[in-house]
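Notes follow once the structure below has been shown.
Every number in this text was worked out from the coordinates using simple rules, so none of it is lab data. These numbers come from a predicted model, not from an experiment. Cβ coordinates were reconstructed from backbone atoms using ideal geometry, including for glycine residues, and neighbour counts include every protein chain displayed.
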2 protein chains.
Amino acid sequence: MIREGVITSVELVEACLARVREVEAQVQAWAFLDPEHALAQARAADEFRLSGQPIGPLHGVPVGLKDIIDTADMPTENGSVLHAGRTPSRDASVVSLLRGAGAVMMGKTVTTEFATRTPGKTRNPHNPAHTPGGSSSGSAAAVAAGMVPLALGSQTTGSTIRPASYCGVYGFKPTHGLIPRHGMFQLSRTLDHVGLFARTIEDLALLLGELAAHDERDPDSRPRARVSYGAIAAAEPPLPPMFAFVKTSLWDRVDRDAREAFGELVESLGDRIEEIELVASTDEVLEWQLAIGGAEIAINLRREWDKGRDKLSAALRSRIEQGREVRAVDYLRALGRIPELNAGLVELFEQRYDAILTPPAFGTAPKGLESTGDPALCALWTLCGMPALSVPLMQGANGLPLGVQLVGAPHRDGQLLRTARWLVAHLSTRSDRPPLKTRSTLAAARLARARPQA
Amino acid sequence: MIREGVITSVELVEACLARVREVEAQVQAWAFLDPEHALAQARAADEFRLSGQPIGPLHGVPVGLKDIIDTADMPTENGSVLHAGRTPSRDASVVSLLRGAGAVMMGKTVTTEFATRTPGKTRNPHNPAHTPGGSSSGSAAAVAAGMVPLALGSQTTGSTIRPASYCGVYGFKPTHGLIPRHGMFQLSRTLDHVGLFARTIEDLALLLGELAAHDERDPDSRPRARVSYGAIAAAEPPLPPMFAFVKTSLWDRVDRDAREAFGELVESLGDRIEEIELVASTDEVLEWQLAIGGAEIAINLRREWDKGRDKLSAALRSRIEQGREVRAVDYLRALGRIPELNAGLVELFEQRYDAILTPPAFGTAPKGLESTGDPALCALWTLCGMPALSVPLMQGANGLPLGVQLVGAPHRDGQLLRTARWLVAHLSTRSDRPPLKTRSTLAAARLARARPQA
């Protein structure tokens, strides 16, 4: 619509800012938001468009950035008083890519402390007494509350998928290394991923198309041929997709309510889904994840530990302490599991399944703001670096959203989006017996009212 | 000569076998050598050549392989009774590459225990009371004694450069990752390199040209454009090269005799050499090397440790024990030093120097067979993955050879060989005052007598 002149970037950003004024006092999604700075970028975008020069696919569209993503024109405080007032001199790779595509950097969204577990101020837009999840709390909540159509976060265990599920938006963690992480706070080279939040699959594909890039400053980034994620995601699957339902070894800890919802979802998919059991237990996976993440977090936070550990939360201090005690052989043994696990999972995709379907969390957003919820059900897919998506398809008995996690084969990110689109369409067109707890449209219509459209 | 029919592969291999019969009882360079199997390959090579089909650059040339390099047609015992009789089902990448170039796999050369420090049976060909160095003991000794013109080894600290210096042959450790290591016993992904032994720089360039290849089964191998190492090595340098003389912080531990020899060498190079001091002390480097190597050796030898640690040498057991105690944060911190060190060294090459000139060892081969000598002077260049070469230019007062270590910028392997060729030519053509201890030709003419020419 911006390209065609139906709306201007200034109008879109103003609509977003109006929504911010309306709900931010309650949601508290933003760590930094200067309306004038956002509008100045929007005005520049509109002027540039009128000059007749070619414009990028995100031209004039505002994007929220998790406050661990460096921006040269806004502070980046990493959710810690130790970095209060920190103003990086350069943009992170993803910010450069977004600016190149014409996007407006709306502001910085609240992160937990250094993207770990200690919560920031953000509340769940569907119910302020509940956590929005984390660590990408502000990005998930800002998109869910309609304050911005797109936002970036990160995921080291479950920091994108979990808040997306709790807040009722799409959350997408593409394949490890596909989006360069240079200029983002590094917790763990092995586990860190860039995360994307949006309200539609089309928007995720658009965003991924702009962010999938090679940057040699990220050691896990590789040069790759350009992929038309939008076209792949929009295409009809050649055959109806086949899903593998994975309960994981932690199924007993999933809320009864969520178990029922998944039961109905599986039933509604009929012969397109089969329950399978994985060889790797989630307990083992969590142990490996703890060894890798613990050691890498301890090394990446060593300056903060050395200089100001009393300014870290007790939870993070204790995590660093544990990480400092991890032995290198245990770390290396855990790293050695990743290719083994991956080989087993890739075989599943090659032989039979288009996506794994599995809970993103143990239920809807827990009550209270002192915890961001448990990321355990995301750990395996993060460890393996596989693309994972939370689709806002269901809701709990308490009316709060509940996502469906889909996991795809590495570097088949477009195909995973295509499979997700099929799933959403399949569930909304079935008239015989729509699953009781499946939401036919995104929940919280009251929040959707004022949402600007990307 | 084989290509032109001047000699046949059978004649060349028979000459080598004759030399083996002559000196092997004293030198003991071979872990496995089946004359019939070598001759069968040579006969096949000669038949193939007579068929008129195109032949590879190493057609019919015998090569010795360190016994940590898997061969499908010969045992590979990794220098340990734990692997006695081990017969791999596949060739290592380098063996496939050699076979593709037409080479004859002469046999397997003696390695220390798992390419670490506990010696095998090999003796220095120049004096059997002295160590040949290690861990590539047999490869260095076999080339030095004229039993084979070319041999492969490996280097994790100083396992190619040190025995090459002690045995008076060229030893070359190309840039980390340039030659794929798949199918070789892995001690340390970070530190392991393939090593090459030859009697001339031209032979090293020829060998490197065949072995520099991409193999995705080695995670540090990358696809790269083909480089004409032979042409680069043979070319005249555009300007006389400039050398940086690096004494390192361990200079005091270098034998007086070797210090004098290096002093003369530096003097003879006049204004083409400058002494520089490195920021990193060798003590620190050894500490980082110990953390990385220790932890990676402990993980790579975990099966042997679990199943048969009583069959490991006491020295290796103790090294594994130390490695098992390394903390992951110390391991990761040490890994983090590598790019920093590299950046500083690369700057030296970019700004002024063609090669670093530095001792490969503390002196000539130590007396006794219970130790393979100290690799400390090779540690920095191995840690940084830079190409390093030992040039057999000097000898000690005891008549034993003493190499000159040249180190080049990463991925400038051909240029390093070119610089080495200039150095050798410069020293042999200077008539005003040849350095007292510099050998104008390879020492041990008595051994050279029966050497077959590659």
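Points worth noting:
- Between the amide H of A:R327 and those of B:A328, distances stay under 5 Å, these residues lying 5 or more places away or on another chain, with hydrogens modeled in the peptide plane.
- Taking a ≥ b ≥ c as the square roots of the eigenvalues of the Cα gyration tensor, region B:331-411 is oblate, since a/c reaches 1.5 or more and a/b is not larger than b/c.
- Within the shell defined by Cβ-Cβ distances under 12 Å, the residues around A:C384 carry a net charge of +1, with Lys and Arg each +1 and Asp and Glu each -1.
- DSSP beta bridges confined to chain B are antiparallel in about 60 percent of cases.
- Compactness check for region B:283-331: Cα Rg over 2.2 N^0.38 Å is 1.14.
- Local net charge near B:A235, Cβ-Cβ under 10 Å (Lys/Arg +1, Asp/Glu -1): +1
- Taking every alpha-carbon pair in region A:62-221 and binning the separations at 5 Å intervals from zero gives 2, 11, 21, 25, 23, 14, 4, 1, 0 percent.
- Part-to-part distance (alpha-carbon centres) for region A:88-113 and region A:228-292, which is given in Å: 32 Å
- Pairs exceeding a 24 Å alpha-carbon distance, out of A:K311/A:K367; B:K173/B:K311; A:K66/A:K311; B:K307/B:K367; A:K108/A:K311: A:K311/A:K367; B:K173/B:K311; B:K307/B:K367.
- Computed from label points 7 Å out along Cα-Cβ, the spacing between B:R253 and A:V279 is 4.5 nm.
- Using R0 = 22 Å, the C-beta based FRET efficiency linking B:N127 and B:E260 works out to 0.60.
- With kT/(6 pi eta Rh) evaluated at 10 °C and eta = 1.306 mPa s, and Rh the Kirkwood radius from Cα pairs, region B:269-362 diffuses with a coefficient of 100 µm²/s according to Stokes-Einstein.
- Each copy carries a label point for B:A84 at 7 Å from Cα toward Cβ; from one copy, the others' points are 7.0 nm away, ordered from shortest.
- FRET E, pair A:D34, B:E347, Förster distance 51 Å, beta-carbon r, rounded to 0.05: 0.80
- Placing a label point 7 Å from the Cα of B:D73 along the Cα-to-Cβ direction, the residues of region B:26-57 whose backbone N falls under 11 Å from that point are B:36-45.
- Gap separating the Cα centres of region B:34-83 and region A:294-362, nearest whole Å: 45 Å
- For chain B, size of Cβ-based charge dipole, Lys and Arg +1, Asp and Glu -1, in debye: 540 debye
- Overall Cα dimensions of region B:1-43 - principal axes, largest extent first, Å: 35, 17, 11
- Shape call, the protein assembly as shown: gyration tensor on alpha carbons, a/c limit 1.5: prolate
- Legend: helices of chain B (whole DSSP H runs) are marked when their alpha-carbon atoms reach 18 angstrom or more along the helix axis and their mean Kyte-Doolittle hydropathy is at least -1.0; marked are B:9-27, B:35-50, B:256-269, B:282-300, B:328-351, B:413-429.
- When +1 charges are put on Lys and Arg Cβ atoms and -1 charges on Asp and Glu Cβ atoms, the dipole computed for region B:283-331 relative to its Cα centre reaches about 420 debye.
- Summarising the amide proton neighbourhood of A:T71: residues at separation of 5 or more, or on other chains, whose placed amide H is nearer than 5 Å comprise A:A92.
- Near B:M242, the amide H atoms lying under 5 Å from its own belong to B:D354, B:A355; only residues 5 or more places off or on other chains count, and H is placed 1.01 Å from N.
- Gyration tensor verdict on region B:290-436 (Cα atoms; rounded if a/c is under 1.5, prolate if a/b is larger than b/c, oblate otherwise): oblate
- Proximal charge balance of A:D354 [Cβ under 10 Å; K/R count +1, D/E count -1]: +4
- Percent of C-alpha pairs per 10 Å bin, region A:1-147, short to long: 13, 40, 34, 12, 2
- Between B:R86 and B:R217, the C-beta separation translates, for a Förster distance of 22 Å, into a calculated FRET efficiency of about 0.70.
- DSSP bridge analysis restricted to the protein assembly as shown gives an antiparallel fraction near 60%, rounded to the nearest 5.
- Put in order of Cβ neighbour count within 10 Å, fewest first, the listed residues A:T116, A:T282, A:T160 become A:T282, A:T116, A:T160.
- Relative to its Kirkwood radius, the Cα radius of gyration of chain B gives an Rg/Rh of 0.94.
- Residue order, fewest to most beta carbons within 10 Å, for B:V266, A:V148: B:V266, A:V148
- Look at B:M74, B:M242, B:M147 and count the other Cβ atoms within 10 Å of each Cβ; fewest to most, that gives B:M242, B:M74, B:M147.
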